[in-house]
Structures are given as C-alpha cells and as structure tokens.
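Since the structure comes first, as structure tokens, the remarks are kept for the end.
Nothing in this text is a laboratory measurement; each read-out follows from the coordinates by a stated rule. All of these numbers come straight from a predicted model, not from anything done at the bench. Cβ atoms come from the backbone with ideal geometry, glycine included; neighbour counts cover every protein chain shown.
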Amino acid sequence: MKSKALAHSNIALIKYWGKKDPKLFLPWNSSVSMTLDRLYTVTEVEFSPEFKEDTIIVNGEKLEGEKKEKVVRHLNLIRHIGKTDLKARVVSENNFPFGAGLASSASAFAALTLAATSALGLELSKKELSIISRQGSGSSCRSIYGGFVEWKAGNISEESYAEQIAPKEHWDVRDVIAIVQKEEKKVSSRAGMAQTVETCPFFMKRVEEVGKYLPKLIKAILDKDFKTLGEITEFDCLSMHATMLTTKPMLLYWSPETVRIIKEVVSWREEGIEAYFTVDAGPNVHVITLPEYVKEVEKRLSEIQGVKEVISCGIGDDTKVI
Ligand code: DP6
C-alpha cells in the first residue's frame, strides 16, 4: 500500500483569491494557469496497520502543528473515500524554496492526492483527482494537469474542478521567475484571501470583471495570441493585488524589489522584448515570455538589485505516478 507521485507547480495567469465556501474550497471565480516544468514535488505515501499515527516529512523535516493538520485533514478525506482508517507515512521533497510565493502547496497537494489514492488502490479520473486535490489546497487542483489549465469555479463540490485548455505541446510559453525573498510569507494565502473576502469593498467587482476577461484569455491561449495573454495576465495580477491592498488590515505582499522589477519589465516592452509580469501572494515576480526572449530576460533580471536567484520554467506535464 505504497505509491509515489510527481506533481508540478503552476503559475496562475488569472488568479484564485477568495473562497465562497471555505470548507469545500469553492472559489468565487474561475482561474487559469500554466503548469511549470522546473518546479515540482515528489511525494511517497504508505498506509500500514503498523503505523500508530500519521507521520509527515517534508524536505527531511517532520511536520507538527497547523502544517501537519492540513495534511492530516487531506489524508482523512482520502481515507474516507477509500473506506480505510489506516495511518500513513508521507515523505515529500520539493525542489524549490518553500513558502516563497512559489505555490509549493499546489504541487504538494496534487502529488499527495495522487500518491495517497493510488496507494489505496483507488483508480480515479483526473477530474476526480482534481476535485479531491482542491480540498487540500485550491490551486493544487490545476496541477493535476499539464499545459494550460482552467479551474472552473462551480457552485457545488462536484462542479468545481480543473480541465486542460491545451497540452504543453500546443505553445511554448516561458515563466522566468525572479526570486527576491526565500523566507515564508507572514500571512498565508488561506488567511489572506479570507480577510479579503470579508473586508475588501471591491472584491465582488473583481469577481465580476474576471468573468468578462477569462473567456478572452482562453481564446488567446488557443489562438497563441501572446499580447492578449500578457495584457490579461498583468491586469488580473494588479486586480488581485488591488483587493489585497484594500483588505483590512492591508495585505501588502510586495517588496521594493517587486516594484523595481515590474517597472523594468514594462520598460523592456518598449524595446521590443515581449514580456509580462505576474505576482502571487509574495514578493517574487514571474516574467511570462516567449523562448526567443528568455536569455535576455534572465540576464536583465539577474542584474537587478535585490534579485537573489532566477529560475526559468517551461510548461510542465500532468501529475503522475512514478
Ligand atoms: C495567489 O491555493 O495556496 O497563488 O486554497 O487556501 O490552499 P488555499 O490557497 P492557495 O492560494 C493560491 C493563491 C494564489 C493564486 C493562484 O494560484 O491562483
């Protein structure tokens, strides 16, 4: 009763920020992402009658407290589906900085979902895996698929799942990430988005606007229209951060370096470099670009004061058993 899975992280081009149902992880708006090849999690799960309790080891460290609870809650959901009460040993390795706004929870919960369900011998469709993974961490439901992915918000649990828009072979889009801070953020996405829904007076306006431009982004992906993809990606990022900034108390995830990079990326476009920024709940900046500009973007990012590391990603594959 043992299985190992590999899942890639993803970067949202249209962000998920806000739950309509926090227990079921139903989001207020649908979101769109691309799966990232270079950032991934490998997780092994074993169930055994010999285990007295769940043990969770991430990057060599045994989890305790709230972090362990999040994983145990997800194991409980999977045990319920698999009709077992066996305890598990989970060993997980991320190949990227933990909690740096690089969405490690997306790849972590996608890998955990597939490894745990296959260790129990459950044969589930990708749609079912996505529905289960969503309830561990929302953004992880998109990582079940490679390529370009939409998470359809839905109104009930069975309607809220990810679907592939196009596989990775469709279009070679890159994400060059400028890491300016590796430490874990002070306010988690989970806590932050709950505060935004509760206190931001503009939140529902954002949800309404996403509904208008999401179909345009999907069309841009299918048509390989990079300018439209970039413009929608930047606007959506700014729209999400606008709701964060107008949350009480204020959620300001950016650092001075974040602003510096954003301004640079905008000015590079005037020189003909097709590159657009997006930022998650953290200070690191993702620069979405095309293969021909990657070298130049990497060089320019690494020359900016405060950039600690540059990680270049292409598009990744589905979550799979290895
Ligand atoms: C800003 O999926 O980490 O990265 O569902 O509470 O686990 P929970 O939140 P999480 O939030 C991700 C927020 C984001 C945007 C996105 O990836 O869509």
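Tabulated data for the structure shown
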item: Condition check for Gly146: at positive phi and either assigned to a loop (DSSP other than H, G, I, E, B) or β-branched (Val, Ile, Thr) (or both); result: no
item: Residues that are among the β-branched types (Val, Ile, Thr) and within 13 Å of the ligand (Cβ to nearest atom), drawn from segment 145-176; result: Val149
item: Filtered residues of segment 240-273 (kept if without any contact (Cβ under 8 Å) to a residue 40 or more places away in the chain and not aliphatic (A, V, I, L, M)); result: His241, Trp254, Lys263, Ser267, Trp268, Arg269, Glu270, Glu271, Gly272
item: Qualifying positions in segment 218-257 - within 19 Å of the chain's Cα centre (by Cα), part of a helix (DSSP H, G or I) and within 28 Å of Glu198 (Cα to Cα); result: Ile232, Thr233, Glu234, Phe235, Asp236, Cys237, Leu238, Ser239, Met240, His241, Thr243, Met244
item: Residue, surrounded by the fewest Cβ atoms within 10 Å (Cβ to Cβ), within segment 164-213, restricted to residues that are of a type in the set (Val, Ile, Thr) and part of a helix (DSSP H, G or I); result: Thr199
item: Qualifying position, being under 28 Å from Met193 (Cβ atoms), touching a residue at least 12 places away in the same chain (Cβ under 8 Å), touching a helix residue (DSSP H, G or I) at 6+ places or on another chain (Cβ under 6 Å) and within 14 Å of the ligand (Cβ to nearest atom), among Val285, Val307; result: Val285
item: Cβ pairs under 9 Å, 6+ apart, first in segment 3-22 and in contact (Cβ under 8 Å) with a residue 40 or more places away in the chain, second within 8 Å of the ligand (Cβ to nearest atom) and of a type in the set (Lys, Arg); result: Asn10/Arg142; Ala12/Arg142; Tyr16/Arg142; Lys19/Arg190; Pro22/Arg190
item: Residue in segment 95-107 that is in a loop (DSSP other than H, G, I, E, B), out of contact with any helix residue (DSSP H, G or I) (no Cβ under 8 Å at 6 or more places or on another chain), buried (at least 24 other Cβ atoms within 10 Å of the Cβ) and at positive phi present; result: yes
item: Listing of strands (runs of 3 or more DSSP E) fully contained in segment 1-76 that carry 3 or more residues being within 13 Å of the ligand (Cβ to nearest atom) and at positive phi; result: none
item: Qualifying residues in segment 118-162 (those that are surrounded by fewer than 23 Cβ atoms within 10 Å (Cβ to Cβ) and free of Cβ contacts under 8 Å to residues at least 60 places away in the same chain) - the one farthest from Val45 (Cα to Cα); result: Glu159
